[in-house]
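Structure first, commentary second.
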Amino acid sequence: AQKVTQAQTEISVVEKEDVTLDCVYETRDTTYYLFWYKQPPSGELVFLIRRNSFDEQNEISGRYSWNFQKSTSSFNFTITASQVVDSAVYFCALSEAEGAGKSTFGDGTTLTVKP
Amino acid sequence: EAQVTQNPRYLITVTGKKLTVTCSQNMNHEYMSWYRQDPGLGLRQIYYSMNVEVTDKGDVPEGYKVSRKEKRNFPLILESPSPNQTSLYFCASSRTEAKETQYFGPGTRLLVL
């Protein structure tokens with residue numbers, strides 16, 4: 001069975017601080033896919049990144065970066081120089097190649113960035 | 001514009017009154033899925049469909065039905081809604097399976113009295 005844990009329920013930072021959102025996953029599959037989604041206060045779900053289990057390269061996109069470590073089953077998300085517009089709920093999700101239709105989300109981390 | 005649409009966006013109903021939440025996508029995606037979001041519980045998968053006439057249960061299917069007669073539509077049916085089905089519902093679609101990036105609808109907020 002697949003499982004995603006986002007241990008940080010809420011994080012509050014001041015603008016321009018760096019912040020890391022943790023994601024730990026469990027899976028028996030050797031092939032799987034990890035995602036991060038953002039849900040701003042307006043409520044929609046916005047895709048941020050997709051990573052497959054064979055690609056352990058870290059990725060950077062502007063102020064966002066992701067650290068994928070298979071050895072610790074973690075896929076952490078860092079926002080550098082946070083801004084008020086980064087305030088949102090962030091979800092980490094996992095899909096296994098074998099359970100092709102199943103998708104498991106973490107409980108989400110609510111990030112508040114104060115001016 | 002590529003999108004997933006849901007209707008209605010907001011619904012207040014009473015226990016036992018059958019309702020349907022529609023979901024439609026215009027991206028020719030094979031895969032569609034329904035989730036519910038409750039405070040502190042993230043998104044939980046209700047049902048998913050790999051293609052037309054192929055549906056399967058997610059983690060919380062009890063009290064829900066789905067059908068996939070056409071590729072673009074994936075309605076969620078609550079035959080006899082109960083208060084514990086009060087939630088925010090999202091429909092999503094993607095190419096092939098859940099391992100692909102899912103595109104989400106705007107959400108349907110349901111209140112069952």
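The values are calculated or read from the model by the stated rules, or taken from the named source; none is laboratory data. Owing to the predicted nature of the structure, the values given are computational and were not obtained by experimental measurement. Here the Cβ positions follow ideal geometry from the backbone for every residue, glycine too, while neighbour counts run over all protein chains shown.
For the reader, a short list of remarks on this structure follows.
- Boolean, A:D86 is surrounded by 14 or more Cβ atoms within 10 Å (Cβ to Cβ), of a type in the set (D, E), within 30 Å of B:Y10 (Cα to Cα) and at the interface with chain B (Cβ under 10 Å from one of its Cβ atoms): no
- Selection within segment B:87-108 - outside any strand (DSSP E or B) and at pLDDT 95 or above: B:G105, B:P106, B:G107
- Looking across segment A:35-47 at every residue that is surrounded by fewer than 17 Cβ atoms within 10 Å (Cβ to Cβ) and within 22 Å of B:E100 (Cβ to Cβ), the one that is nearest to the chain's Cα centre (by Cα) is identified as A:F47.
- Scan of segment B:58-83 for residues that are of a type outside the set (A, V, I, L, M, F, W, C), at pLDDT 95 or above and closer than 20 Å to B:E30 by Cα, ordered by number: B:K65, B:S67, B:R68, B:K69, B:E70, B:K71, B:R72, B:N73, B:P75
- Test result for A:F75, facing chain B (nearest Cβ under 9 Å) and among the hydrophobic types (A, V, I, L, M, F, W, C): no
- Counted as qualifying within segment B:3-86 are the strands (runs of 3 or more DSSP E) with 3 or more residues that are in contact (Cβ under 8 Å) with a residue 24 or more places away in the chain, namely B:4-7, B:10-13, B:19-25, B:31-37, B:43-51, B:76-78.
- Test result for B:L11, surrounded by 15 or more Cβ atoms within 10 Å (Cβ to Cβ) and in contact with a helix residue (DSSP H, G or I) (Cβ under 7 Å, 6 or more places away or on another chain): no
- Residue selected from segment A:1-34 under the condition over 18 Å from A:S71 (Cα atoms) and polar (S, T, N, Q), by the criterion surrounded by the most Cβ atoms within 10 Å (Cβ to Cβ): A:Q8
- Residue check, B:T22 farther than 30 Å from A:T9 by Cα and modelled with pLDDT of 95 or more: yes
- Restricting segment B:31-65 to residues that are at the interface with chain A (Cβ under 10 Å from one of its Cβ atoms) and of a type in the set (G, A, S) leaves a set whose member that is surrounded by the fewest Cβ atoms within 10 Å (Cβ to Cβ) is B:G40.
- For A:S95, the requirement of being hydroxyl-bearing (S, T, Y), surrounded by 16 or more Cβ atoms within 10 Å (Cβ to Cβ), more than 11 Å from the chain's Cα centre (by Cα) and at pLDDT below 95 is met.
- The lone exception for B:T15 - which of (1) in contact with a Phe, Trp or Tyr (Cβ under 9 Å, 6 or more places away or on another chain); (2) farther than 23 Å from A:K38 by Cα; (3) of a type in the set (S, T, N, Q) it fails: (1)
- Evaluation of A:E56 against the conditions (1) within 14 Å of another protein chain (Cβ to nearest Cβ); (2) in contact with a helix residue (DSSP H, G or I) (Cβ under 8 Å, 6 or more places away or on another chain) shows that the sole unmet condition is (1).
- Qualifying residue in segment A:69-81 (condition: under 21 Å from A:E15 (Cβ atoms), exposed (fewer than 14 other Cβ atoms within 10 Å of the Cβ) and either in contact (Cβ under 8 Å) with a residue 60 or more places away in the chain or within 13 Å of the chain's Cα centre (by Cα) (or both)): yes
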